1. For segment 276-302, enumerate the residues that are among the polar types (S, T, N, Q) and either under 19 Å from Gly114 (Cα atoms) or not assigned by TED's automatic domain parsing to the domain that holds Trp90 (or both).
2. Between a residue in segment 141-159 that is under 16 Å from Thr194 (Cβ atoms) and among the aromatic types (Phe, Trp, Tyr) and any residue that is modelled with pLDDT under 95 and assigned to a helix (DSSP H, G or I), which pairs come within a Cβ distance under 6 Å, given they are 6 or more apart or on different chains?
3. For segment 252-268, state whether one or more residues are at pLDDT below 95 and in contact with a Cys (Cβ under 7 Å, 6 or more places away or on another chain).
4. Find the residue count for segment 272-293, including only residues that are under 12 Å from the mean Cα position of the chain (by Cα) and either farther than 22 Å from Ile214 by Cα or crowded, with 22+ Cβ neighbours inside 10 Å (or both).
5. When you scan segment 179-195, how many residues do you find that are among the hydrophobic types (A, V, I, L, M, F, W, C) and without any contact (Cβ under 8 Å) to a residue 60 or more places away in the chain?
6. Answer yes or no as to whether Arg235 is surrounded by 24 or more Cβ atoms within 10 Å (Cβ to Cβ) and of a type in the set (Lys, Arg).
7. Only one of Pro170, Pro198 is buried (at least 17 other Cβ atoms within 10 Å of the Cβ), modelled with pLDDT of 95 or more and closer than 23 Å to Pro224 by Cβ; which?
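The values are calculated or read from the model by the stated rules, or taken from the named source; none is laboratory data. Since we're looking at a predicted model, the values are computed, not measured. Heads up, the Cβs are rebuilt from the backbone with ideal geometry, glycines too, and the neighbour counts pull from every protein chain shown.
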Amino acid sequence: MPPYQGKHSSAQSWAIASSASGRGRHQVKNRRRRRWIIVLLVLILLIVIYPFAEARFLTTDKRMMKADDLPTDANHLHVVFVSDIHYGFWFSDGNLNNLVNSINGLKPDIVIFGGDYGANHSSALQFFRKLPKIHARYAVYGVLGETDRGETDYETENLTDAMRNAGVIPLVNDVATVRVGASSIWVAGVDDSTLGSPNVRSVASRVSSQDFVILASHNPSIIPDAHLATDSSGRIGWFDLGLFGHTHGGQMMFFSDLLGFTEDIPARYHSGWLTENRADLCISRGVGTSVVPARLFCPAQIHLIELTVN
């Protein structure tokens, strides 16, 4: 038989076991607490880093558009629209090369740039001086944004000269005829409404509402005036497709009002596609960033629009 250890020995054993069990529970709680702290820190880090990573994502918005006025020769014409690149410190030469590779990979017939090529006039000049060759079947066009202009007309002329040297036809309150087979379509460019001198009426008067017309301008705030303008015969509804940028789509959800990209622009023109007065309108989120080099639930985009006969 085992030796007698006293009547209190059993109680003492239970006290020791209870103490060990308490320490174990505290250790488990501490481990769980540390895990939750680590998870929380990782989530905070992701929340901070993600907007800067999203700014590097480039998506392609593909859309097929049927049009009554499109000539048969232009059926399945591919138009690529690119806006708000903001070339500079946050958009490098490597980013520019990747962008042009993406454009060329879409095998465009026509490319239209929507302005704000650089962070300022100087970087806009550098954008065109370093722009790789864009392979468009017919032509490449571009309108001006508020960041592109210099302080004088001479600086603006330098920019348009740089555009031509890079193979981009500037459209500043101007209209270009695009020959497609035996037919034609028209690309109309209206100057920026912030720092430029837009003349929608003059541009509209040079085309016919019976023809297929693409209207491009940097700032969508000109859209109401464009709807009121009349063509060479005095008729409204003179353009079929409108392409605009400037807003960045707000760039960062929940903070777009603070950043001011959509200031003084009607809510319906902040981002995306809509139809008004028989015209299809695209307000692009753009490619680059401004104010902060970040995007939140608003990835960068370029557009591939396939035009088809209705």
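1. Ser284, Thr289, Ser290, Gln301, listed by residue number.
2. Matching pairs, first to second residue: none at all.
3. Yes, segment 252-268 contains at least one residue that is at pLDDT below 95 and in contact with a Cys (Cβ under 7 Å, 6 or more places away or on another chain).
4. 9
5. 4
6. It is false that Arg235 is surrounded by 24 or more Cβ atoms within 10 Å (Cβ to Cβ) and of a type in the set (Lys, Arg).
7. Going through Pro170, Pro198 in turn, the sole match is Pro198.
Condition check ((1) in contact with a strand residue (DSSP E or B) (Cβ under 6 Å, 6 or more places away or on another chain); (2) aromatic (Phe, Trp, Tyr); (3) outside the structural domain of Ser221 (by TED's automatic domain parsing); (4) touching a residue at least 24 places away in the same chain (Cβ under 8 Å)) across all residues:
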| position | (1), (2), (3), (4) |
| --- | --- |
| Val79 | yes, no, no, yes |
| Phe89 | no, yes, no, yes |
| Asp109 | yes, no, no, yes |
| Phe113 | yes, yes, no, yes |
| Ala162 | no, no, no, yes |
